[in-house]
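Let me begin by presenting the structure, written as structure tokens, before commenting on it.
Every read-out reported here was derived from the displayed coordinates using simple, explicitly stated rules and does not represent laboratory data. Given the structure is predicted, the values throughout are model-derived calculations rather than measurements. Here the Cβ is made from the backbone with ideal geometry for all residues, glycine too, and neighbour counts use every protein chain on show.
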Amino acid sequence: MLEIKDLHVAVGGKEILKGLTLAIAAGQVHAIMGPNGSGKSTLSYVLAGRAGYEITQGSIRYNGEDLNALAPEERAAKGVFLAMQYPVEIPGVTTLNFLKTALNAQRRARGESDLDAMSVLKLVRKKAAALKISEDMLKRALNVGFSGGEKKRLEILQMAMFVPKLAILDETDSGLDIDALKLVAEGVNALRAPDRAMVVITHYQRLLNFIVPDRIHVLAHGKIVAEGGKELAHELEAKGYEHLVGKAA
């Protein structure tokens, strides 16, 4: 589903990714781990199409298409979803209205008809209940005044609503207590499917106790320096990154 080859990415003229190669098949969950400044969030932004991230070399193919040739909204319509580390606050726009507008924009881009307000409300209520998102949260301005846990649960609600083919979760565990972490992980696990791939970006092994990946990749100095199964996360927890990063430097 996703094939990245020798990817080099610069931000403001500074090279951040320096030859990253990665392949993820449909139905798989891959974890990207690494120290601060290794390029993890840069990878997520490049996949989502954020402006200012320049691909200077290499390629990204998504279901056979050149992902870099697609605008961010085209990527979203084709099933690419990014759950951001720091979700944006949008004063004046209710959470429910945002979900309705975004969902119907994607449906129109795929040639599908809009859902009316009542249909959207029924769908949102059904998905929100599992994530313990209240009606009050849905009526509030998007992410404004939300706790870290509420923001992350809302990101997973969006993923449940939009049913993407490729979901990128950028440090979804950041700032969550153990109860919120379990709830978010349950929401993610409920969306695992044979036709969906997920990229889980995290610093810590604890998230991977709840979202067990098929493969783990360690990113450092802008490239993959180690790969393995779930046991690699336990090794990193015990020894830290330096024993791997130092060898690759």
task = Give a residue-ordered list of calculated ³J(HN,Hα) values for region 149-155 (Karplus: 6.51 cos²θ - 1.76 cosθ + 1.60, θ = phi - 60°; whole Hz; x for Gly, Pro).
result = x, 5, 4, 5, 5, 5, 4
inquiry  = Need the full-extension length gain, Arg50 to Leu191, defined as separation in residues times 0.36 nm minus the C-alpha distance. One decimal, nm.
reply    = 48.3 nm
task = Name the lysines eligible as straight-distance cross-link partners of Lys126: C-alpha to C-alpha under 21 Å, and not fewer than 8 places from it in the same chain.
result = Lys100, Lys139, Lys151, Lys152, Lys165, Lys182
inquiry  = Skipping prolines and chain starts, which residues have an amide H placed within reach, meaning under 5 Å, of the one on Ile16, given they are 5 or more residues away or on another chain?
reply    = Val9, Ala10, Val11
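Fewest first, what order do Ser174, Ser147 take by the number of other Cβ atoms within 10 Å?
Details: Ser174 16, Ser147 12.
In increasing order of surrounding Cβ atoms, one gets Ser147, Ser174.
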inquiry  = Taking just the alpha-carbon atoms of the chain, what radius of gyration and Dmax come out, in angstrom?
reply    = 18.0, 57
